[in-house]
1. Once R0 is set to 41 Å, what does the formula 1/(1 + (r/R0)^6) return for the Cβ-Cβ distance between Ile881 and Lys817, expressed as a FRET efficiency to the nearest 0.05?
2. Quick one: net charge of Thr212's neighbours, Cβ under 15 Å, K/R +1, D/E -1?
3. Mark the label point 7 Å from the Cα of Asp242 along Cα→Cβ and return the residues of the stretch 261-283 whose backbone N is within less than 16 Å of it.
4. For Ala682, what charge total do you get from the other residues with a beta carbon under 9 Å from its beta carbon, if Lys and Arg give +1 and Asp and Glu give -1?
5. Using only alpha carbon pairs under 8 Å that are at least six residues apart, calculate the relative contact order of the stretch 718-760 and give it in whole percent.
6. What is the calculated FRET efficiency for Lys640 to Gln130, with r their C-beta to C-beta distance and R₀ = 35 Å, to the nearest 0.05?
7. How far is helix 928-940 tilted, in degrees, relative to the longest principal axis of the Cα atoms in the chain, given as a value from 0 to 90 rounded to the nearest 10?
8. Going highest first, how would you order 167-174, 996-1003 by mean Cβ packing within 10 Å?
Amino acid sequence: MVMGFKNILSMFTLVLFLAITLCHPAVAVDNLNDGISLYSDEVNITQEVNITQTNDSQYLYSDTYENISSFYLSGNYDQSLEVSKRVLDSNPNSTYALYIAGLSLENLARENEATQYYEKALLNLKDADQNITEMVNNPDLEVLPILFLKGKISHLEGNYNDSLTYQDAALSAYGYHSEDLYNKGLYYKNEGKYEDAIEHFQAALRINPSKTDSWTQLGECYEAMGEYQKAQDNYDKALLRDPNNSELLLKYGLVAEKMDDYNLAIEYYDRVLEIQPYNVDSWRYKARSLEELGQNNYALTCYNQALEYDPENKTLWNLKGQLLDELGRYEESIECYDQALKLNPDHARGIGRVSEAPSIMIETDSHEVFYETPQFDSESAQILFNKGEAFYRLEKYEDALECYNDVLETEPHAVVWYRKATILKNYGDFSEAIDSYGEALGIEPDAPAVWYEQAVLLDRIGEYGKAVKSYEEATERDGNYTLAWYEMAVDLKILGKYEQSLEAYDKVCELEPSSAQVWYERGAVLDELGRYDEAITSYEKVLELNPGHSAASYQLRTDQSKLSQSNQKESDHRNNFHYTGNSPFLDFLKSNGFDLTFMGSGTDVSVNSLASIEDGELPAPEYLWYSRAMTMSAVNNTNKSLSSFEMATMIEPDYAAAWEGKGDLFKKYNQWDDSSDAFKQALSVNSDSVKLWHKYAIVSQKAGDLQTALYAYGRVVENDPDNGDALYNRGLIYDKLGSFRNAANAYQKYLSLEPKDMNAWYLLAQSAHKARMYDVSLNAIDTVINNQPSNQDALYLKSDNLEKMGRFSDAIVVYDKILDSDPKNQDALFNKGLAFENIGQYQKAIECYEQLLAVNPQHATAMEHKGFNLYLLGEYNKADIVYDQILALQPNNADALYHKATIKYLLSSYAGSIIYYDRLLEVKPNCITAWYNKGFANNMMGNVDEAIECYDQALSIDPNNPSVLYNKRFALYRIGKSSEAKTTKLKLDSIDPGFEEALDNRGTKFFLPKEYDPNLGYELPLRWYNK
């Protein structure tokens, strides 16, 4: 084992792991809630769940690492332990069998046994007795198993700080190895050895699947091999981690084109344009795909948009011309070709220029011209300027230019010269535009954006020396003007002033360090100066920002070759990944608290086999992350624990223990939805775990997902019929869902296990009562009362059951028990009165109401019932007084108005009866018996017309009411409307032919209610007399 400075890189990678925003592929339990029967009385789970079921008989106990680990990962710890022991019977020194046995025992809560297995595994390892401090400070793959086992033992002994130290060192070793694999993959890719590159990228992703660049590089390898579907799959995975990466989106679109899926390609080009509307390549490729789909007009729009952003792109003018040719628009096509021919293919803005400013720089480094509108001396000049501004806004530039020229003849101001320069620039009259910019700057020189615009035009006409001077003026006034520094650097390179160009590029890199293009161009200048070592640094920076930058890769290899003195040195470089001393990565490490003083100069010696993880030679990285998560949780470092669980599940999506640990962590902090999702993922791996179903049920219930919780509790009961907690909570959930019979059945099953739980007896009584299972409810509530004789809620529920069963006398006895301990209990007095009322003992009911009113004189409902009971006893005057008392408290009390109107009629005060019906009908206009009785009273008083109006109102509520039709018919006869009377009789006979005969010449009656109805929903009888 040779130690070197690679521990720095390892620790850096660890920081990267922890800093990355992690995501994991979804492992869903589909259709979990489909077909759940909420109203099944029995605990009978027939629902199909799309989870892979474990069948012990399907597994053959082979001694492969894959077989043992599959049991462990799926959460079948008893089986993984059994298979591990079978392996150890034949091979007692099998390291992977020992640590899988330890992991299994940990999850079975058999920590002491787990420690023994870890210690035995440690004894089998070479170099286990070496200096552990040296291993921690210089971790590599050779000591990784030792560090892993040391971490496990320390955790189980409660030495969490030591455990974290060993775990982090082990992860550092893996981190370095991952970067080494990745960079070897890059080397093979650049050499065109795509299969070797793919093997290394996949091995790197086995350790760190969060690295977007690895997925991207895999995609590029498959694309280069023509395996476009695989390329798309890997670009998809990269985009999951970086969904707004425009370069990735563009790559995806190009691959879709290669697969002739032009609609999909357009979708991805549009996603690029949502992020970067000015992305010329995306507009161009979108146009190409639209042409393939025959949507030429839309394609033309795209070419026009691209040319708006890049008007000097010869290729775009040519493509647009070809499209116009196809559309038969030949004159326009010729104009495009002419425009393309005007452009020198060797420059974009001037002869010799090949560089355009990076798009990110254009996007972020916008400068506005801050020339203020001047105060003119003459009103005419002001008007002319305003007129010019109006033309300018209308894009009538010739008219605007004429106005500006007129202004400049009398009152030259900087902003007017600037407006003139802008128009001349748009017309392509660059020389005059440059002069106008100069005039503006001569008046107001402190305008860096104007100096910049003048310099751009000087570039257009090839005046690079003058352009540099203008860029210098811009940067002197604004030292952070990135675009001006960049354009100056390009011009100085064209002029051969490489040292000055390098200074300008250095400034650009300081201001915009994330531009791969700028770092690449800086490297090219250094190449011109022969400073290849510095150029290599720039190209490495390019590849750090954009690993797929093929030109940078080529230049890097070229410069390295120039510096190399032998093939051995070149080979050493290819197989070792170096960071320069001034690397920003090292600054990143320092900023995260890493001590770099121990950095050495050794050479890496790592395990050579790419399959060392899969064959059990090394503990799998997911086990390390899981162990770290558990230790972080033990020291209450929630964020790091969560990120470690997520890393474990990202590496191995079928890691049941990691999903369970994540669910437990969320549960601890009441994050129910997240916890539920994590347990659901664990169940997708191990659907036979009663413990997991129970946890899933609990958090789903807490999250308010009652149907899922009900199903999950059902799975618990299915496998553990005596699980009281599951039965009890099923009862609670059924109650909330309104499935009271199922709730009662669940409580009954629970109480068969826990017969002394009085709260459950009370819940059973409530649910059974709501399900109209009154005998069950009464039995349950009697159990509660026997144990809690003074429980008034239980006594009330018992009395309610008795009343529902028609046992009012028994209910009265219960109310008396309540009143024995609380004589002024208003609810008990009122309900006792109702019970007497229900068995016809109206006087006793009145006594109860009077006792209540002695306690609460304003209890209107008690007064209403008292009045009604007096009415039933025929004590109309007393009832009348009670209703007056109610109306004094509540003038619009419908009950009192209705029954007082009845009382008035019974006391032969027909007019008084009508008065109160009128008041009632203002409050309750749809009371048909009130309209009927009012009509009846009017008829008795000879107010026939008014009676007919009342009957019509009643018929508007019930057009086919026989009693109303009958009374209306005779009222019509009384006023001589015989024709209408006959029509009414015909309608009555058609509705109820036997109605009149059943009256037996006695006529209808005034309606008198026989039972109390607080809603006054009384109906007129179909027959007024019994035969």
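Readers should treat all values here as calculations from the given coordinates under stated rules, not as data from a laboratory. Keep in mind it's a predicted model, so treat the numbers as computed, not measured. Using ideal geometry, Cβ is built from the backbone for each residue, glycine included, and neighbour counts are taken over all protein chains shown.
1. It comes out at approximately 0.75.
2. That works out to -4.
3. Hits in the stretch 261-283 for Asp242 at 16 Å: 272, 275-276.
4. Combined, the nearby Lys, Arg, Asp and Glu give +2.
5. Across the stretch 718-760, relative contact order equals 39 percent.
6. After rounding, the FRET efficiency stands at 0.80.
7. 30
8. 167-174, 996-1003
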